[in-house]
Amino acid sequence: METHSKKMAEVKLFRTWSSRFALRIVWALKLKDVQYDTIFEDLSNKSPLLLQYNPVHKKVPVLGHNGKSVAESLVILEYIEETWKQNPLLSEDPHERAVARFWAKFGDEKVLPSIWEAFNSEGKEQEEGIVKAKENLKYLEEELKGKKFFGGEHIGFADIALGWLAEYENVFEEVASMKVIAEDEFPLLSEWKRTFADAPIIKENWPPRDKLVTRYQAFRETNLLNKAPK
Amino acid sequence: MADEVVLLDFWPSPFGVRLRIALAEKGIKYEYKEEDLENKSPLLLQSNPVYKQIPVLIHNGKAVCESLIALQYIDEVWNDKAPLLPFDPYLRSQAKFWADFVDKKIYDLGRKACTTKGKEHEAAQKEFMNCIKSLEVELGDKPFFGGETLGVVDVSLVPFFSWFSVYEKFGNFSIELECPKFNAWIKRCLEKESVSKSLPDQDKIFEIFVDIRKKLGME
């Protein structure tokens, strides 16, 4: 019991209300029933504590645990997995772990940027962006064959990393008036989005949709303006 | 059952060198298969359908792609010798953070520092040196990032050594003069057989860069 409470002591999460990367950490901590304090950061006015906890990248999320800090969401997820072993997010099998990590990385390096690119475009440029995004999404569709989640029967590391697709991607589609993950083209991914978004813990922690829409509308306007020929 | 380990690789790739070093450190026997990137083998395309890139580690028929992921895999499977990651979760997270930092920064910035001109070149070089300085701070007084032995950060970073002397020449700076601590770390790594035997020929790497610069119209 003493060890358990020592581990539970002093867990802090630095986040913003909207960060899809910080949301991963919220999910992981809550799925493992870890108590923590939240510190909401204003990124235009970063707290001294944040700068102390993440001097290299100065970003959120950062996890503080007993005074020590861990940055980079996928690194934090692994730290959480190793520190709190209940409700594991990764398989014990090394190859399955490597596969989960691969899809998490693919999501961040390919899927997210390609969808973001399409989001920040219009007309023909957007059409081309959507084609590129779909090429990436096809791999995720393939990976879901015969599985409820990327983690199999239960939510795993890759689901958490890709989880933004289940809500933020909907917001992107709405704000940019585009359809990327269509039911007929991506039946498995569409179903996964619904199942994941509605899963216990996950569904209670989405940021307010209307606020996300407003936020991303503002982003898109600024980004399109910056792109326009001067 | 004997382990069957195959490495699909391309001789100049620093990402491939990472795996060569790790496999050597752990004394793992493997078959090295050189890929012609202009004419990729069916095995490569089948093993890494998403990126179609090297390196790919194939262990008993199962493929592991992405070099940092493969390093972790190697460490988890062959966990009886030469650990690349520490035991403590916090220290492991720091090692993973810095390996990720190397991935995000060193390759791109180094490349930019010697394939661009003017303001872009200056900016890339400045940021590159700042990254090296950050890494020096992280290294501290330890002989290696992994402590007394090579860790995942050492293995991730040292393959870029082949490129450092190129960066220096075309970037017009000296790591030895500006970052002596880093330079000392490089020398210690080179004393390790697993490292020196895995690095590609320095001169050949230089030729590749001269070629790239020619194609970019810089020579």
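The values are calculated or read from the model by the stated rules, or taken from the named source; none is laboratory data. As the structure is a computational prediction, the values presented were derived from the model and not from experiment. Positions of Cβ are backbone-derived with ideal geometry, glycine not excepted, and every protein chain shown enters the neighbour counts. The accessibility values were calculated without ligands, DNA or RNA, using every heavy atom of the protein model including side chains. Shrake-Rupley method; radii C 1.70, N 1.55, O 1.52, S 1.80 Å.
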Inset, instruction - Starting at the first residue of the range B:96-102, write each ³J(HN,Hα) from the Karplus equation 6.51 cos²θ - 1.76 cosθ + 1.60 with θ = phi - 60°, in whole Hz, x for Gly and Pro. - result: 5, 4, 6, 5, 5, 4, 4
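Charges only on Cβ, +1 for Lys and Arg, -1 for Asp and Glu: so what's the dipole of chain B about the Cα centre, in debye to the nearest 20? Walk me through the numbers on the way to the answer.
Values: 30 positive and 35 negative charges, 85 e Å.
Using only the charged Cβ atoms, the result is roughly 400 debye.
Among the DSSP beta bridges whose two residues both lie in chain B, what percent are antiparallel, rounded to the nearest 5? Let's see the in-between values first.
Working: 9 of 13 bridges.
Within chain B, antiparallel bridges account for around 70 percent of the total.
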Inset, instruction - Please report the relative contact order for chain B, taking Cα pairs under 8 Å with a sequence separation of at least 6, and give it as a percent rounded to a whole number. - result: 20 percent
Inset, instruction - Would you kindly find the accessible area of A:TYR79, with a 1.4 Å probe and non-protein molecules such as ligands, DNA and RNA excluded, rounding to the nearest 10 Å²? - result: 20 Å²
Inset, instruction - Could you calculate the FRET efficiency of A:LEU188 with B:ASN172 from 1/(1 + (r/R0)^6), where r is the beta carbon distance between them and R0 is 60 Å, rounded to 0.05? - result: 0.70
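Only four residue types carry charge here, +1 at the Cβ of Lys and Arg and -1 at the Cβ of Asp and Glu. Report the dipole size of the range B:94-200 about the Cα centre in Debye, rounded to the nearest 20.
Working: 16 positive and 16 negative charges, 50 e Å.
Magnitude of the dipole: close to 240 debye.
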Inset, instruction - Can you find, among A:ASN45, B:VAL155, A:LEU224, the residue farthest towards the positive end of the dipole of the protein assembly as shown? Put +1 on the C-beta of Lys and Arg, -1 on that of Asp and Glu. - result: A:ASN45
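Once you wrap a convex hull around the alpha carbon atoms of the range A:94-226, what is its projected area averaged over all directions, in nm²? Each step should come with its number before you reach the end.
Values: hull surface 32.6 nm².
Averaging across all directions leaves 8.2 nm² for the Cα convex hull.
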Legend entry - Residue-wise HN-Hα coupling along the range A:203-219, computed from phi with Karplus coefficients 6.51, -1.76, 1.60 (Hz; x: Gly, Pro): 5, 7, 10, 5, x, x, 4, 5, 5, 5, 4, 4, 4, 6, 4, 4, 4
Legend entry - Among A:GLU153, A:GLU141, A:GLU81: highest mean-square fluctuation, GNM of chain A, C-alpha pairs under 10 Å: A:GLU153
Legend entry - Residue-level accessible surface for A:VAL26, protein heavy atoms, 1.4 Å, Å²: 0 Å²
Inset, instruction - Return the single residue from B:ASP88, B:ASP141, B:ASP100 with maximal mean-square fluctuation; model: Gaussian network over chain B, springs between Cα atoms under 10 Å. - result: B:ASP88
Legend entry - Average Cα contact separation per residue, chain A, under 8 Å, 6 or more apart, as relative contact order %: 18 percent
Legend entry - Signed unit charges on C-beta, dipole axis of the range A:166-230, positive-most listed residue A:ASN170, A:THR214, A:PHE186: A:THR214
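Let me know the shape class of the protein assembly as shown, please: from the alpha-carbon gyration tensor, a ≥ b ≥ c as square roots of the eigenvalues, rounded when a/c is under 1.5, otherwise prolate if a/b is greater than b/c, or oblate.
rounded
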Legend entry - Pair A:LEU49, B:LYS215: separation of 7 Å Cα→Cβ label points (nm): 5.1 nm
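Among A:LYS46/B:LYS96; A:LYS227/B:LYS105; A:LYS110/B:LYS33; A:LYS145/B:LYS52; A:LYS227/B:LYS126; B:LYS33/B:LYS169, which pairs are too far apart, with a Cα-Cα distance over 30 Å? Each step should come with its number before you reach the end.
Numbers: A:LYS46/B:LYS96 25 Å; A:LYS227/B:LYS105 26 Å; A:LYS110/B:LYS33 27 Å; A:LYS145/B:LYS52 21 Å; A:LYS227/B:LYS126 27 Å; B:LYS33/B:LYS169 32 Å.
The pairs that break the limit, which is 30 Å between Cα atoms, are B:LYS33/B:LYS169.
May I ask you to derive the relative contact order of the range A:94-226, considering only C-alpha pairs under 8 Å and at least 6 residues apart, and to give it as an integer percent?
Values: 114 pairs, mean separation 33.6, N = 133.
It comes to 25 percent, rounded to a whole number.
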Inset, instruction - For the range B:8-17, just list the computed ³J(HN,Hα) in residue order, Karplus coefficients 6.51, -1.76 and 1.60, θ = phi - 60°, integers in Hz, with x standing in for Gly and Pro. - result: 8, 8, 9, 3, x, 5, x, 5, x, 4
Inset, instruction - Calculate the dipole size of the range A:94-226 relative to its Cα centre from +1 charges on Lys and Arg beta carbons and -1 charges on Asp and Glu beta carbons; express the result in debye to the nearest 20. - result: 360 debye
Legend entry - Inter-probe distance in nm under a simple model that places probes 7 Å from Cα toward Cβ, at A:SER177 and B:GLU122: 4.4 nm
Inset, instruction - Evaluate the distance, in nm, between pseudo-label points positioned 7 Å from the Cα of B:LYS62 and of A:ALA197 along their respective Cα→Cβ axes. - result: 3.3 nm
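Could you compute the FRET efficiency for B:GLN202 and A:ASP33, with r as their C-beta to C-beta distance and R0 at 60 Å, rounded to 0.05? Intermediate values should be presented prior to the final figure.
Details: r = 53 Å, r/R0 = 0.89.
Taking R0 as 60 Å, the efficiency between B:GLN202 and A:ASP33 is 0.65.
Report, to one decimal in Å, the Kirkwood hydrodynamic radius for chain A based on all distinct Cα pairs. Walk me through the intermediate numbers first.
Numbers: mean 1/r = 0.0535 Å⁻¹.
Kirkwood hydrodynamic radius for chain A: 18.7 Å.
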Legend entry - Partners for B:LYS214 among aspartates and glutamates (Cα-Cα distance below 17 Å; same-chain residues under 8 apart left out): B:ASP203
Legend entry - Most positive-pole-ward Cα, A:VAL131, A:PHE119, A:GLY152, against dipole of the range A:94-226 from beta carbon charges: A:GLY152
